[in-house]
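These notes concern the structure reproduced below.
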Amino acid sequence: MLKKNSKKYHHGDLKSALIDAGLAELEEKGLESVGLRSICARVGVSPTAPKNHFDGLRGLLTAIATVGFERHAAEMRRGVEDQPPGKARLDAACNGYLRFALENPELFKLMFSSTLCNADDPDLKRAAWDSYTVLRSVAHGLDWDKAEAPGGPWRTEWMLWSMVHGYAMLLIEGQIRRNEDGTPLFDAAGLFPDFGYIEEKLKTMPPPFQGRGSAQI
């Protein structure tokens, strides 16, 4: 006689259970192998059970990415808030960005996939912006050759983001060697330019960029 599955999901927070199961599936199987059926099987519910919480697999993956951005922001903030504005905060935020990406490569790739996630989801947008705000805060005031060019604050944000995100992706995809323990050969301070800061700009914060595409800056 077959025994009933003791791991079947019972009453509780199904939404959180599905997100947790999706995170585990990502870690174990990789982004390309994650499916709604396997996530539901892990929780012990039918493939139709998530319909009251998510719009199919894309909706569930969007919720998982939202959790990813929340954790990403928290990892970047580690050490940042205890440091005075300037280089120490920059290094802490960038190293947090890299650390999260390398410890959660499949989740990290999902977070930036507009194909697999609904980029217009309000919870995802909020979490992504909160994460970006950490990087934005340490980018403001960087002293480099385009700091005073038109759109200087946004050029600076995007320059820093391009560097740290590009470095993270190259490490994840194995295009740049790592240490045997998986850590990068060089952390942010050991690889990125030794930026200084324009002191008077550390007391202010420019408005966020509102344009898209070819918008004038």
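The values are calculated or read from the model by the stated rules, or taken from the named source; none is laboratory data. Computed from a predicted model, the values in this text were never measured in an experiment. FYI the Cβ positions are ideal-geometry reconstructions off the backbone, even for glycines, and counts take in every protein chain you see.
Mind checking which residues of the range 135-151 are touching a strand residue (DSSP E or B) at 6+ places or on another chain (Cβ under 6 Å) and either surrounded by fewer than 16 Cβ atoms within 10 Å (Cβ to Cβ) or more than 18 Å from residue 204 (Cα to Cα) (or both)?
143
When you go through (1) closer than 17 Å to residue 189 by Cα; (2) assigned to a helix (DSSP H, G or I); (3) touching a residue at least 12 places away in the same chain (Cβ under 8 Å); (4) of a type outside the set (Phe, Trp, Tyr) one by one for residue 80, which number turns out not to apply?
With respect to (1) closer than 17 Å to residue 189 by Cα; (2) assigned to a helix (DSSP H, G or I); (3) touching a residue at least 12 places away in the same chain (Cβ under 8 Å); (4) of a type outside the set (Phe, Trp, Tyr), residue 80 is out only on (2).
Which residues, taken from the range 156-168, are in contact (Cβ under 8 Å) with a residue 12 or more places away in the chain and among the hydrophobic types (A, V, I, L, M, F, W, C)?
Applying the first criterion (in contact (Cβ under 8 Å) with a residue 12 or more places away in the chain) to the range 156-168 yields 156-157, 159-161, 163-165, 167-168.
159, 160, 161, 163, 164, 168 - these are the residues of the range 156-168 that are in contact (Cβ under 8 Å) with a residue 12 or more places away in the chain and among the hydrophobic types (A, V, I, L, M, F, W, C).
So that you can scan it fast, the table gives a plain yes or no per residue for (1) touching a strand residue (DSSP E or B) at 6+ places or on another chain (Cβ under 8 Å); (2) of a type in the set (Ser, Thr, Tyr); (3) surrounded by 17 or more Cβ atoms within 10 Å (Cβ to Cβ); (4) closer than 30 Å to residue 35 by Cα:
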| residue | (1), (2), (3), (4) |
| --- | --- |
| 127 | no, no, yes, yes |
| 133 | no, yes, no, no |
| 153 | no, no, yes, no |
| 157 | no, no, yes, no |
| 169 | no, no, no, yes |
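Would you confirm, using the coordinates I've provided, whether residue 106 is within 28 Å of residue 17 (Cβ to Cβ) and acidic (Asp, Glu)? Even if it seems obvious, please write down each step before you answer.
On the way: within 28 Å of residue 17 (Cβ to Cβ): yes; acidic (Asp, Glu): yes.
Criteria met by residue 106.
Residues are listed down the side, and each one gets a yes or a no for (1) farther than 19 Å from residue 160 by Cα; (2) modelled with pLDDT under 95:
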position: 69; (1), (2): no, no
position: 82; (1), (2): yes, yes
position: 100; (1), (2): no, no
position: 103; (1), (2): yes, no
position: 110; (1), (2): yes, no
position: 114; (1), (2): yes, yes
position: 127; (1), (2): yes, no
